[in-house]
Amino acid sequence: MLEADIESPLRIEGQEATLTLQGDLTIFTVDALKDDVFLALNCPRIRVSLDAVNDIDSCGLQLLLVLARQAQDIGRDFALSKSHPEADALLALYGLDLPVLAAEGGAP
Amino acid sequence: MNNESALALFFEEAFEQSNLLESLLLSLDMQPEGNAEDLSAMFRSAHTIKGSAGLFALDGLIAFTHVMENVLDRMRNGELAIDKPLVGLLLACNDHLRHMLAHYRSEPAAPFPEDAEHRRLLTALEAHTQFAPTAVASAAPCPVAPENTESGNWHLFLRYHPDLFQHGFDPASFLRYLGKHGSIVHIHTHLEMPDRLQDFDPTTCRLSNELALRSQASAAEIAAAFEFIQDDSEIDILPPASDYDAFAALAARYGGSPETHLARWREAGYLPSAAPTAPPVQSPTPPVEVAIVQNVPQEKRRSADRIEGSRFIRIEAAKLDALINRVGELVISTASSRMRAKQTADSDMIQAVEVLSQLVEGIRDDALNLRMVPISEIFNRFPRMVHDVSARLGKEIELDLVGADTEIDKSMIEKLTDPLMHIVRNAIDHGIEDAASRLAQGKPARGLLRLKAYHDTGAIVVDISDDGRGMNKAAILAKAQERGLLPEGRQLSDQEIYKLIFLPGFSTAEQVSDISGRGVGMDVVRRNIDALRGEIEILSTAGQGSTLRIRLPLTLAIIDGFHVEVGGSSLVLPLDMMAECMDMPSQQISRETRQIWLRDTWIPYVSLRELFSLPPCDGPEYVVVAQFGQTTAGIIVDRLIGDIQAVIKPLGSLFRSLRGVSGSTIMGNGRLALILDIPQLIQLALKREDRLVEQRQASLTEHSIALANSTTRTI
């Protein structure tokens with residue numbers, strides 16, 4: 001558990017950075033995640049997995065939005081690897097969306 | 001006026017506005033609650049600079065002041081919490097503004113190089129403007145009529161406070177709550193991207209929302225959603241059927257270009273179909289918020305314009321000097337006409353000339369008054385300096401400015417600023433202790449520094465007082481001894497000891513800081529004050545603080561004088577230092593100690609005949625009692641002639657070192673008269689008195705030794 005907590009969510013393989021977020025993506029966790037999240041910007045392709053995220057709030061969403069916008073601004077390919085119901089609900093509330101890879105399982 | 005001089009005028013005005021802004025910011029720093037008038041004045045300063053910069057197309061300046069103005073506007077409207085960091089930011093921006101002004105003054109055509117500092121300040125400012133418009137909707141008594149909900153949508157503009165997340169709120173919860181009152185038919189979420197990701201604090205809220213809500217709810221019900229965040233965040237609610245002007249007013253208060261906002265709202269279908277140019281559609285119940293938005297600033301602006309329009313006319317200093325010179329000549333020739341009229345013994349003529357000379361006197365006063373400016377011109381520089389210096393030294397100091405409206409000759413302002421700066425810096429550095437040792441002595445942790453200006457018997461007095469440790473006599477004496485500055489074998493009075501600090505190369509600071517203590521300066525202070533014909537007095541109580549008192553003549557150009565004669569020569573005494581004239585008493589005078597008994601006290605006197613080494617007078621003599629500060633002294637003259645207006649002409653360099661004489665003047669009869677320097681004369685009298693006392697003591701001692709010797713011998 002402890003190991004999982006301090007383990008970096010960022011994996012870089014070749015041209016692709018994968019952020020595997022887990023647990024809460026909220027105001028309580030954004031500070032710790034920030035550096036890794038922005039490190040991903042070094043790669044041409046950025047994939048974010050929210051599969052293991054339980055709770056997401058507007059502050060957590062904001063971090064994703066900043067990452068997505070910055071990625072777009074500097075010409076990176078950003079996408080969520082899969083849609084996440086809670087994140088989707090929040091995005092819909094704000095009238096926003098984030099690119100999602102055409103998921104293998106279900107429709108985005 | 002050609003463009004160049006208009007530009008020069010603009011820069012002068014802009015720097016003035018910037019100075020005003022600074023002083024207001026500093027007073028805000030002391031009292032963060034601020035007052036509405038000052039906040040408006042601050043806004044106006046930035047607004048004025050921006051407006052004038054627009055005339056000269058100084059684009060960089062316009063852009064920068066525009067952002068400053070937005071922040072100041074929000075402060076004025078109570079939308080921004082005023083705290084030290086914000087005031088500090090605005091002070092830094094004001095400094096930067098001066099850099100920009102200086103740049104454009106030297107190269108009006110060259111664009112300002114937007115350096116890192118420029119960008120940093122803009123970013124910081126924009127952080128305070130991104131949610132620009134006024135929070136008009138309040139949850140409690142809502143002014144909007146609830147009936148007007150049938151047609152169209154409510155439009156909500158929600159700009160959240162950056163600390164919203166940290167305060168435990170989530171905008172999503174407000175949006176969900178709104179969903180209970182109706183349906184959000186359109187929402188636009190704006191994310192304000194951070195400038196640098198490194199500096200991005202992910203817990204600050206950078207989101208804002210604009211939305212259209214279809215709802216039957218009342219304004220109060222809608223506003224209630226934001227009850228807990230309305231104080232910090234900016235919540236604007238436009239009721240259904242708000243007219244185009246309402247949106248336009250809102251857009252105008254948003255940062256950036258209003259057209260962009262209006263275009264976005266038009267695209268989102270928020271705007272009513274009425275053409276923008278069409279006269280505003282009168283809605284059945286005009287929304288009250290909109291009325292507030294439109295009217296208040298206009299009203300403020302109107303009254304501001306009125307005040308500013310009638311305040312000042314700018315005159316070139318040289319023109320003023322020419323006028324004063326001419327008035328000086330006028331005074332002299334009027335005196336001459338007056339004398340000649342008296343010689344004709346033509347009473348009509350005499351009367352006519354009397355009227356004329358009264359008028360000339362009036363003109364003289366008016367002309368001199370033109371040069372008088374409030375000493376606040378100097379004082380205003382101090383809050384910033386004290387703020388900076390005390391911050392650097394880690395001391396907390398309250399600056400109290402008293403009598404800032406006291407008027408002082410403009411030409412003195414420039415010469416007085418440096419000495420005052422130096423004295424104040426010294427007081428902060430050496431005078432006021434750090435908080436810990438102050439507390440240990442039972443003093444409040446915050447030191448007090450007071451600058452006080454007032455008029456006193458024809459002089460302007462500036463006191464610089466602190467409640468610090470006071471001057472250490474022993475340390476001063478020791479240092480003077482070490483530096484070989486002490487006069488041999490003389491007992492010094494307190495005043496004389498304190499004045500040792502004005503000797504060149506004197507410094508008692510144990511540590512040389514970058515602020516003071518290098519032993520240069522206090523002698524320069526003295527020299528500057530001397531050049532203004534001023535005097536410095538030091539009052540100090542160990543442990544309780546010191547006061548440096550600078551006494552300056554009221555004006556440098558024309559004085560009301562009193563004409564006397566000594567040995568056939570004309571002399572002029574400044575009238576405002578004269579207390580009375582009387583016959584030289586035959587009794588009640590001690591020629592030995594040179595003192596006269598005046599009513600109930602002995603006062604020292606100085607005989608001008610003696611001073612100028614003239615033979616003793618054979619006729620009657622008169623005493624002019626002069627007063628200078630706390631000191632009273634008599635001046636013995638041969639004849640009293642009467643009052644006279646004296647235009648001061650400086651003495652040639654040959655006579656500059658002459659003590660007791662401050663200048664010369666030309667009298668009505670064309671003859672020259674010396675103007676006596678009463679303070680110096682009194683000093684002279686006092687010094688001689690001291691010397692006499694010493695000599696007599698010495699001779700008395702010698703005498704008694706001799707007496708003792710002779711007695712021994714006799715025995």
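The values are calculated or read from the model by the stated rules, or taken from the named source; none is laboratory data. Everything quoted here is computed from the prediction, not taken from an experiment. Glycine also receives a Cβ, built like all others from the backbone with ideal geometry; neighbour counts cover every protein chain displayed. In case anyone asks, the SASA skips ligands and DNA or RNA and just uses the protein heavy atoms, side chains included. Shrake-Rupley method; radii C 1.70, N 1.55, O 1.52, S 1.80 Å.
Summary of values
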| read-out | value |
| --- | --- |
| Solvent-accessible area buried by B and A, counting both chains, probe 1.4 angstrom, square angstrom | 1900 |
| Proximal aspartates and glutamates to B:K452, defined as alpha-carbon separation beneath 15 angstrom and excluding residues fewer than eight positions away on the same chain | B:E377, B:E398, B:D400, B:D405, B:E407, B:D463, B:D466, B:D467, B:E537 |
| Sorted largest first, extent of the protein assembly as shown alpha carbons per principal axis (Å) | 134, 81, 50 |
| For the stretch B:205-223, residues shielded by at least 10 square angstrom of accessible area compared with the chain on its own, probe 1.4 Å | B:L207 |
| Taking N as its residue count, the alpha carbon Rg of chain A over 2.2 N^0.38 Å | 1.00 |
| From phi via Karplus (6.51, -1.76, 1.60), per-residue ³J(HN,Hα) for the stretch B:599-607 in Hz, x at Gly/Pro | 6, 10, 8, 8, 10, x, 9, 10, 9 |
| Sequence ranges B:564-575, B:591-602, ranked by mean other-Cβ count within 10 angstrom, highest first | B:564-575, B:591-602 |
| Label-point separation, B:N369 to B:A6 (7 Å along Cα→Cβ), nm | 3.4 |
| Nitroxide proxy distance, nm - points 7 Å out along Cα→Cβ at B:L503 and B:K410 | 4.1 |
| At most 14 other Cβ within 10 Å, DSSP loop - trypsin sites (Lys or Arg not before Pro), the stretch B:624-687 | B:R656, B:R659, B:R671 |
| Listing of the stretch A:58-74 residues, each with accessible area lower by at least 10 Å² in the full protein assembly than in the chain alone (probe 1.4 Å) | A:S58, A:C59, A:Q62, A:L63, A:L65, A:V66, A:R69, A:Q70 |
| Neighbour cut-off at most 16 other Cβ (10 Å), DSSP loop, trypsin sites (Lys or Arg not before Pro), the stretch B:385-492 | B:R446, B:R483, B:R490 |
| Label point distance in nm, B:Q630-B:D600, each placed 7 Å from Cα along Cα→Cβ | 1.9 |
| Of all accessible heavy-atom area on chain A, the percent that carbon and sulfur account for (1.4 Å) | 51 |
| Solvent-accessible heavy-atom area per residue, rounded to whole Å², over the stretch B:301-446 at 1.4 Å | 57 |
| Accessible surface of A:S81 - all protein chains present, 1.4 Å probe, nearest 10 Å² | 30 |
